Amino acid sequence: MPRIHRTQIFRTLDDLESLRPAWEALLEDFSGATTFSTWEWLAPWWRAFGEGRELLVLAFFDEAEKLVGLAPLQISRRRVTSFLKLRVLGLWGDGSGDSDNLDIPVRAGWEEPVAMVLLEFLKKESSQWDFCEFNTMPEDSPVASCLAKQLGDRGWNAYNDQRASSAIALPETWEAYLSQLSSKERGKVAYYQNRLQKKYRMHVHRCEAESDIPGCLEALFKLHRERWQALGQSGSFESSARRQFYCDLATLLNARNRLEFWLLELDRHPVAAQFGFRHGNTVFQLQEGFDLAYSADSVGYVLRAYVIEQQIAQGVRRYDFLAGEAPSKSRWATQPSHYLNVQFARPLGRGSAYLHLIHGAGSSKEWLRRHLPSNAWQVLRRLNAKTTRQETAATTSMQVSEIVSAKS
């Protein structure tokens, strides 16, 4: 097994600038690379959502000083009671609801050494964190697999769950793709587009010029906001931080010809928008909006069909809907998959007790009885007599607080 020669820690974006060329070279050799692991995604995300978080990026080098792995991490604080916060070590980009497919990029053959050195670092720096939470990792992430094995070997407490996702495997031609759809959906694709063209002056526009980005984004924000307001909700773009994130992200992606931002106009009026981006031969669909006044015309449906047809012609072979399941996705011949959410903590710590309680595992009671100090175990027994697994999150937080107090 190869050995990591050196590990370097970065704590600011300015320091990371020097690593960007090596970072991009690493992603070119990483089979699981996506937009979510790039500077273009993570730097704007940090500027928008990094307040109150600590950046912690670990770069792993071989003897030739070649970057062989990168662990883009962050530390945040989660309130579990009115007076207690736990320090959460997570993947950079997690926590705002915008990022999926987060991972630890490595060169082939370096998965085990990177996972091993990462866990050794976390053990040595255990005072910085209470528990780790690596969300939305790809189901085939090589580092996630190595981490699971090594966590078990070390006796650390780990929990995994899954989050549904879906994507379309696109063939080489539009006709071949249509044959994958049901006869009902094939008929709808042609019917709705023909109907729109008869009723309106229809135009589909891809946002490609940097000068067009602000206006296109305002159209997306408006369409998305009005749709959710009609449902009595505020929607994603009420947040000024998120709007700024999309502005910065779109500019950076567009400069590298990776932006897939499309608008459908009827009589020169934008009625539907889809915001995505391309990495290799995959397009990730992130956000969309449509004008409810044109919902009977299925404007969002027409725009998606048009975009998929164009992208097939451009060599796209995967259209990724990211997280979530819905009939509006499955009708497009999607293939279901899932992300991994991995949580773990060192034994006997506050984070370990917290994870045992929130997961309510059948073995938690026995583990806590054997590992907690006797005074903490007695506190837990008294509390457990009054509670069940269906207790509210607020009650669970109170339990954690008392256990932590008893251990200190």
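The numbers here are math on the coordinates, done by the rules we state, and not lab data. Keep in mind that this is a model prediction, so the values were computed, not measured. Cβ atoms come from the backbone with ideal geometry, glycine included; neighbour counts cover every protein chain shown.
For this structure, a couple of remarks:
- Relative contact order %, region 203-324, counting alpha carbon pairs below 8 Å whose residues are six or more apart: 25
- Summarising the amide proton neighbourhood of Asn157: residues at separation of 5 or more, or on other chains, whose placed amide H is nearer than 5 Å comprise Ala345.
- Among 192-205, 115-128, 250-263, 89-102, sorting by the average number of other beta carbon atoms lying within 10 angstrom of each residue, highest first, gives 89-102, 250-263, 115-128, 192-205.
- When only alpha carbons are used to place a centre, region 122-175 and region 12-60 end up 18 Å from one another.
- Equivalent ellipsoid, region 1-161 (semi-axes from 5 times Cα gyration tensor eigenvalues, Å): 23, 20, 15
- The label-point distance for Ser337 and Gln244, in a model that sets each label 7 Å from Cα toward Cβ, rounds to 3.3 nm.
- Spin-label pair Asp29-Arg53: with each label point 7 Å from Cα along the Cα-Cβ axis, the two points sit 2.8 nm from one another.
- For Gln314 and Gln180, the FRET efficiency from 1/(1 + (r/R0)^6), where r spans their Cβ atoms and R0 equals 22 Å, is about 0.75.
- Structure-based [θ]222 nm, the chain - -39500 (n - 2.57) summed over DSSP H runs of at least 4, per residue, nearest 500: -12500 deg cm²/dmol
- If R0 is taken as 25 Å, the Cβ-Cβ distance between Lys85 and Lys124 corresponds to a FRET efficiency of 0.65.
- Compared with the dominant principal axis of the Cα atoms in the chain, helix 142-154 is inclined by about 10°.
- Protection proxy ranking, peptides 267-280, 317-330, average beta carbon neighbours within 10 Å, highest first: 267-280, 317-330
- Relative contact order for the chain, counting Cα pairs under 8 Å that sit 6 or more residues apart, in percent: 19
- C-alpha center-to-center spacing [region 263-336, region 236-251] in angstrom: 20
- Extension gain from Phe61 to Thr12, taking 0.36 nm per residue of separation minus the Cα-Cα distance: 15.7 nm
- Alpha carbon convex hull of region 72-178, volume per residue in cubic angstrom: 150
- Identified option (computed mean projected area of the Cα convex hull in nm²; candidates (1) 22.5; (2) 21.0; (3) 24.3): (1)
- Candidates Val307, His279, Cys247 compared by Cα position along the dipole of region 240-308: farthest toward the positive end lies His279, with charges placed on Cβ.
- Overall Cα dimensions of region 171-316, principal axis frame, Å, largest first: 43, 36, 26
- Computed extension length for Asp140-Ser328: 65.1 nm, one decimal, from 0.36 nm per residue of separation with the Cα-Cα distance subtracted.
- The chain: Cys lacking any partner C-beta under 4.7 angstrom: Cys132, Cys146, Cys247
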